[in-house]
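The values are calculated or read from the model by the stated rules, or taken from the named source; none is laboratory data. The shown structure was predicted, so the numbers you read here are calculated from the model rather than taken from an experiment. Glycine gets a Cβ as well: all are built from the backbone with ideal geometry, and neighbour counts include every protein chain shown.
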Amino acid sequence: MKKDKTYRFETLAVHAGHGVDPATGAVVDPIHLSTTFEREADGTYPRGYLYSRNGNPNRNGLETALAALEGGEACATFGSGLAAVTAIFQGLQPGDHVLAPLDIYHGTANVLKHLFAKWQVSASFVDMTQLDVVAAALQPNTRIVWIETPSNPLLQCVDIAALADMAHQAGARAIADNTFASPVLQRPLELGCDMVMHATTKYLGGRSDVLGGAVVSKLNDDAFAQVRTAQLFGGGVPSPFDCWLVMRSLPTLPYRIQAHCANAMKVAQFLDNHPKVSKVHYPGLENNAFHALAKKQMSGFGGMLSFEAKAGKDAAMAVAQHVEIFTRATSLGGVESLIEHRASIEGPDSKTPQGLLRVSVGLEHADDLIDDLAQALDRLP
């Protein structure tokens, strides 16, 4: 690809970060498992590689690709999504404050509560669907406004552009977890965010066979340099093979996301009309409170949804017990459909409704998925 030419998303997904191997002409990138690289006699590294913690051809290719897909200047990848989250917060100083959503991924909340609290970094968790609540919660020492939309597991949506503007006016950075939507459906950097975070484990990897995380920065600035420093000195980098696996999956990302969205919409519509379901959380439904906002800032509504069994926890557990196609497992974004009782995953302090099941809708035929949920729901008294 020419560097001075603009390409559409599907083309970037296939070509960004890839290249024909100069040594063999191989069209598919080789896996560079070497941990160390040869120096010249004068001590220099003209090929650009020293040690795989510092840089690796597979990791550099993945970082180039993800920066291109999110529209950022720079990217750093990590061994997990939470390693990426941790690297962002490691740029904070004692006394700094993070403003985060009340309905936040519990892993991110745990990083703030159990790791950074003891380093005198404070965090407030508020309802970010209410902008006046956010405005009241901003503090003089707020350095990061953490955005998660759609949220996990209630699929709540927040106004990215408005929150980014509020963050900047308060002297803070706006950082979005874009894992649920992926860059196919949502572009936080274009909406004003400074950074985007991903668990590449999910839709970007797409096969439930790789663990990873990424931070994409709008600018290759001092704030990103702190993330890069955490990557280098913290050492939480992904393996070359893990990077290769994500790169393998990126070319199909836009087409997989389209199919996830189509299936999720059909499943959500079925559940929304089922007498044993009290509530469906999916912004694609026109009766959903976040439908208009999601339609404004997303190009599709995603493959994730959750629903609440009318009879509560025991009924939800029974549905999960009796499904035949859905797999009872955590995580999301793979080709297979997953279902889980979310509150029991989150632990005793979970605020998630006890009757809620979170669903990652996969790429099976939608009618088979609906039939499976129907037979499980029909077993309820």
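I'm trying to understand the selection: among the residues of region 156-182, which are hydrophobic (A, V, I, L, M, F, W, C) and within 13 Å of the chain's Cα centre (by Cα)? Write out each step before concluding.
Initially, region 156-182 is screened for residues hydrophobic (A, V, I, L, M, F, W, C), giving 157-158, 160-164, 166-167, 170, 172, 174-176, 180-181.
Matches in region 156-182: 175, 176, 180, 181.
How many residues are surrounded by 15 or more Cβ atoms within 10 Å (Cβ to Cβ) and farther than 14 Å from residue 142 by Cα if we restrict to region 117-126?
Of the residues in region 117-126, 0 are surrounded by 15 or more Cβ atoms within 10 Å (Cβ to Cβ) and farther than 14 Å from residue 142 by Cα.
Quick one: would you say residue 123 is in a helix (DSSP H, G or I), farther than 25 Å from residue 299 by Cβ and either of a type in the set (A, V, I, L, M) or within 15 Å of the chain's Cα centre (by Cα) (or both)?
no
The set of residues in region 50-63 that are crowded, with 17+ Cβ neighbours inside 10 Å and polar (S, T, N, Q) comprises 52, 56, 58, 60.
For region 192-216, a tally of residues being farther than 21 Å from residue 327 by Cβ and either of a type in the set (Ser, Thr, Tyr) or out of contact with any Asp or Glu (no Cβ under 9 Å at 6 or more places or on another chain) (or both) returns 4.
Among the residues of region 359-372, count how many are farther than 19 Å from residue 210 by Cα and either in contact with a Leu (Cβ under 8 Å, 6 or more places away or on another chain) or β-branched (Val, Ile, Thr) (or both). Break it down stepwise before answering.
Residues of region 359-372 that are farther than 19 Å from residue 210 by Cα, as a first pass: 359, 364-372.
Checking which are either in contact with a Leu (Cβ under 8 Å, 6 or more places away or on another chain) or β-branched (Val, Ile, Thr) (or both) leaves us with 359, 370.
Final tally of qualifying residues: 2.
Within region 278-331, the set of residues being in contact (Cβ under 8 Å) with a residue 40 or more places away in the chain and among the β-branched types (Val, Ile, Thr) comprises 319, 323, 325.
In region 133-171, which residues are among the acidic types (Asp, Glu) and either in contact (Cβ under 8 Å) with a residue 60 or more places away in the chain or not assigned by TED's automatic domain parsing to the domain that holds residue 92 (or both)? Give the derivation first.
Applying the first criterion (among the acidic types (Asp, Glu)) to region 133-171 yields 148, 159, 165.
Scanning region 133-171 gives a single hit, 159.
Identify the residue in region 87-103 that is crowded, with 21+ Cβ neighbours inside 10 Å and at pLDDT 95 or above and, among all such residues, is farthest from residue 231 (Cα to Cα). Lay out the reasoning, then the answer.
Within region 87-103, the first condition is being crowded, with 21+ Cβ neighbours inside 10 Å, and the residues that meet it are 87-89, 98-101, 103.
In the following step, the residues that additionally are at pLDDT 95 or above were identified as 87-89, 98-101.
On the way: 87: 7, 88: 10, 89: 12, 98: 21, 99: 23, 100: 23, 101: 25 Å.
That would be 101.
When the criteria are applied in full, residue 45 meets the requirement of being of a type in the set (Phe, Trp, Tyr) and surrounded by 14 or more Cβ atoms within 10 Å (Cβ to Cβ). Against the test of being closer than 23 Å to residue 199 by Cα and in a helix (DSSP H, G or I), the options 134, 145, 111 yield a single qualifying residue, 111.
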